[in-house]
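Participant: Attaching a single structure in structure tokens format; questions to follow.
Taken together, the values in this text are just the output of simple stated rules run on the coordinates, not laboratory data. Computed from a prediction, not measured in an experiment: that's the story for all the values here. Neighbour counts are summed over all protein chains in view; Cβ atoms, including those assigned to glycine, are modelled from backbone coordinates with ideal geometry.
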Amino acid sequence: MIEDKSVPVVYAFLTRKSERLYKEKFNEIINNIAEEPKFVTIDFEIAVANAPKAAFRNVTVFWCFFHYKQAAWHKIMKLRLNDKFIEDRDYKTSY
């Protein structure tokens with residue numbers, strides 16, 4: 001946090017979305033920082049969920065709301081409910 005604002009300091013573009021690869025990346029981060037972060041915001045992916053907790057002892061993990069909404073919308077489309085969500089306000093707000 002800088003002046004009570006969250007500032008992204010690490011972006012990682014990985015070749016795969018495996019838990020092992022995420023853990024390796026977090027271990028690489030540990031080796032290159034002076035102190036552990038208090039908070040980590042991650043994409044909405046199961047593979048990355050355990051990596052920050054395994055790497056940092058006292059970290060609080062937040063899920064990225066944008067990626068959560070994106071995952072929810074992909075699920076809605078997969079279930080072929082997207083037209084219903086777009087057209088019917090009552091249906092959309094019932095979830």
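Participant: So what are the ³J(HN,Hα) numbers for the stretch 35-49, from phi and the Karplus equation (6.51, -1.76, 1.60; θ = phi - 60°), rounded to whole Hz, Gly and Pro as x?
Facilitator: With the stated coefficients, the stretch 35-49 comes to 9, 6, x, 8, 9, 9, 9, 10, 5, 8, 9, 5, 4, 8, 4 Hz.
Participant: Peptides 54-60, 18-24, 3-9: what's the order by average Cβ count within 10 Å, highest mean first?
Facilitator: Peptide ranking by packing, descending: 18-24, 54-60, 3-9.
Participant: In degrees between 0 and 90, to the nearest 10, how far off the longest principal axis of the chain does helix 65-78 point, with axes built from Cα atoms?
Facilitator: Compared with the principal axis, the helix lies near 40 degrees.
Participant: Here is a follow-up. Can you give the Kirkwood hydrodynamic radius for the stretch 19-90, in Å, rounded to one decimal and based on Cα pairs?
Facilitator: 14.2
Participant: Run the count for the chain, please: Lys pairs, Cα-Cα under 21 angstrom, 8 or more apart or on different chains.
Facilitator: Taking the chain as the scope, the lysine pair count is 18.
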